[in-house]
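Notes to accompany the following structure.
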Amino acid sequence: MDLDECYDKAIERMEEDMRIGMLTSGGDCQSLNATMRGVAKSLYQNLQGIEIVGFLEGYKGLMYEDYRVLHQKDFSGILTEGGTIIGTSRQPFKLMRNPDEQGRDKVELMKNTYQKLGLECLVVLGGNGSQKTANLLREEGLNVVSLPKTIDNDLWGTDMTFGFQSAVNIATNAIDCIHTTAASHGRVFIVEVMGHKVGWLTLHAGIAGGADIILIPEIPYDIDKVVEKIEARSKAGSRFSILAVAEGAISKEEASLTKKDYKAKKRSSQFPSVSYEIGYEVEKRTGQEIRVTIPGHTQRGGSPCPYDRVLSTRFGAAAADLIMKREYGFMVGIKEGKIVKIPLEDVAGKLKKVEPESSIIKEAALTGISFGV
């Protein structure tokens, strides 16, 4: 059966009007609008009587009936716009079963809004916590289709998340810009890249930007090895070194601590972030000038790159296809270049981490990049 026949059969089953809910949850990224556009354009193009309700500020809007009806014109011209036209907020999954400030059950509030509006389906664009909540709503009987949003690229079941490549481009540009000033002054520069639990963004930006040392959460570093690499470069005639450091990078000593002791150590630290701590140790041991640069939330901002625009359009169209077929309870993903659907229960609660023995790590090491081990 070809694609047109699939759509024809879907339309035959949906003679009545259909109302779809949509929300963006968690941290923002460059391709949220592009992905929502992909969903909406595909539904408008192939079905009659479609109404899309956008919940404002993520799951909070679903809880408290804060929404607006979106029209076709709302999705026009947003392919290149970063951020999200319906806003977003963080609603930690671990607090979802806790009553709100007025003692009300948050999950019941969301279910009531869904039922009151007569939604056929809820489309959720979000990262790890958002996917866990989406799966919780699925378990509560709601029809849910989700889409993988995160600049961290750490969602299980998909090779790529939308927003990741745009963030890589920005972080890489930051490292590129540091090269000239580092070379001019003969300094050691540390560029701190987003990523608390996983290092995909730092790894890709570090390789693309020509970093000499890359430190990520999955590979606890030895500060002696970091210093050894910097001193080896100096002896070889290099006047500067560049470190790409994930904000969640951790030393071998810290990795051996219990979770409680590690948190206590971080709370009592004199340093604002891991990069400053590393910089202090490197400067103390080598005598070289250290500078720290933190691109921060610029990595989430701006216009999505062409790769993400294509990926988001594909993801959105695939989500619309699932809705037209009434196949719910899935996250859309991509595997080896092909769009796939992954059961939400398989995605929820799983992190896709960088494997220390993976091919990309070994290949980076072959080029001389140090991971501090």
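The values are calculated or read from the model by the stated rules, or taken from the named source; none is laboratory data. Predicted model, so just to flag it, every value in this text is computed and none were measured. Cβ sites come from the backbone with ideal geometry, for glycine too, and all protein chains shown count toward neighbours. Side chains included, ligands, DNA and RNA excluded: accessible areas come from the protein's heavy atoms. Shrake-Rupley method; radii C 1.70, N 1.55, O 1.52, S 1.80 Å.
So the values come out like this:
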item: From the options Gly129, Gly163, Gly103, residue that is surrounded by fewer than 24 Cβ atoms within 10 Å (Cβ to Cβ) and touching a Lys or Arg at 6+ places or on another chain (Cβ under 8 Å); result: Gly129
item: Condition met for Ser370 (more than 21 Å from Gly38 (Cβ to Cβ) and either among the basic types (Lys, Arg) or crowded, with 20+ Cβ neighbours inside 10 Å (or both)); result: yes
item: Given (1) within 24 Å of the chain's Cα centre (by Cα); (2) in contact (Cβ under 8 Å) with a residue 12 or more places away in the chain, number of the condition Gly77 does not satisfy; result: (2)
item: Some residue of the range 88-96 being among the polar types (S, T, N, Q) and open to solvent by 30 Å² or more (accessible area, probe 1.4 Å); result: yes
item: Selection within the range 273-287 - of a type outside the set (Asp, Glu), more than 16 Å from Ile216 (Cα to Cα) and open to solvent by 40 Å² or more (accessible area, probe 1.4 Å); result: Tyr280, Lys284, Arg285, Gly287
item: Condition met for Arg326 (touching a Lys or Arg at 6+ places or on another chain (Cβ under 9 Å), touching a residue at least 24 places away in the same chain (Cβ under 8 Å), of a type in the set (Lys, Arg) and open to solvent by 20 Å² or more (accessible area, probe 1.4 Å)); result: yes
item: Qualifying residue in the range 344-355 (condition: without any contact (Cβ under 8 Å) to a residue 40 or more places away in the chain, open to solvent by less than 80 Å² (accessible area, probe 1.4 Å) and within 28 Å of Ala249 (Cα to Cα)); result: no
item: Inter-residue pairs, beta-carbon under 6 Å, first of a type in the set (Ser, Thr, Tyr) and in the range 36-61, second in a helix (DSSP H, G or I) and surrounded by fewer than 21 Cβ atoms within 10 Å (Cβ to Cβ), 6+ apart; result: Ser42/Ala317; Tyr44/Gln72
item: Selected residue (criterion: nearest to Ser130 (Cα to Cα)) from residues of the range 83-103 that are charged (D, E, K, R) and part of a loop (DSSP other than H, G, I, E, B); result: Arg90
item: Members of the range 235-259 that are among the β-branched types (Val, Ile, Thr) and either open to solvent by less than 10 Å² (accessible area, probe 1.4 Å) or at pLDDT 95 or above (or both); result: Ile242, Val245, Ile250
item: Test: residue in the range 325-344 that is more than 28 Å from Phe93 (Cβ to Cβ) and of a type in the set (A, V, I, L, M, F, W, C); result: no
item: Gln30, sole failed condition from (1) modelled with pLDDT of 95 or more; (2) buried (at least 18 other Cβ atoms within 10 Å of the Cβ); result: (1)
